[in-house]
Amino acid sequence: MKKELIEEIKSLLKIDENEKIDINPNYLNYFDEDELKDIVFRLIDKKVEQKEGNSTYLDEIYQKTKKDDI
């Protein structure tokens, strides 16, 4: 289970699919399974917040360009 969590963490850290993420395995050995799960959940939350923030930002830009066209 720990290996799957580490792979999920690596996947969540990627900016694009082709990016390769290396994490020092010795560093990860300090974490138990529950701590790794917490890291996964925090990374998911951060991705969701970032996506929502980007969506809001893009909506604002769209609204501004829409006003300029009139």
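At an R0 of 25 angstrom, the distance between the Cβ atoms of Lys37 and Tyr57 translates into a FRET efficiency of 0.25.
Under a model in which nothing but the beta-carbon of Lys, Arg (+1) and Asp, Glu (-1) is charged, the chain shows a dipole of about 180 debye around its Cα centre. Calculated accessible area for the chain comes out at 90 Å² per residue, all protein chains present (probe 1.4 Å; ligands, DNA, RNA ignored).
Quote to one decimal, in nm, the extra length available between Lys46 and Ser11 on full extension: 0.36 nm per residue of separation minus the C-alpha distance between them. Could you put the intermediate results ahead of the total?
Details: separation 35, 0.36 × 35 = 12.60 nm, distance 1.34 nm.
Answer, rounded to one decimal: 11.3 nm.
Filter the GluC sites (Glu not before Pro) in the chain down to the DSSP loop ones having no more than 14 other Cβ atoms within 10 Å, then list what survives. In loop regions of the chain (DSSP not H, G, I, E or B), the sparsely surrounded GluC sites (Glu not before Pro) are Glu17, Glu19.
Ignoring lysines fewer than eight residues from Lys2 along the same chain, the ones with Cα atoms less than 23 angstrom from its Cα are Lys10, Lys14, Lys20, Lys37, Lys46, Lys47.
Please name whichever of Met1, Leu58, Leu13 sits farthest to the positive end of the charge dipole of the chain, dipole taken about the Cα centre and charges placed at Cβ: Lys and Arg +1, Asp and Glu -1. Looking along the dipole axis, the top candidate is Leu58.
The values are calculated or read from the model by the stated rules, or taken from the named source; none is laboratory data. Predicted, not measured: the structure shown is a model, and the values here were computed from it. Methodologically, a virtual Cβ is constructed for each residue, glycine included, from the backbone with ideal geometry; neighbour enumeration extends over all protein chains shown. We work out accessible area using only protein heavy atoms, side chains counted, and drop any ligands, DNA or RNA first. Shrake-Rupley method; radii C 1.70, N 1.55, O 1.52, S 1.80 Å.
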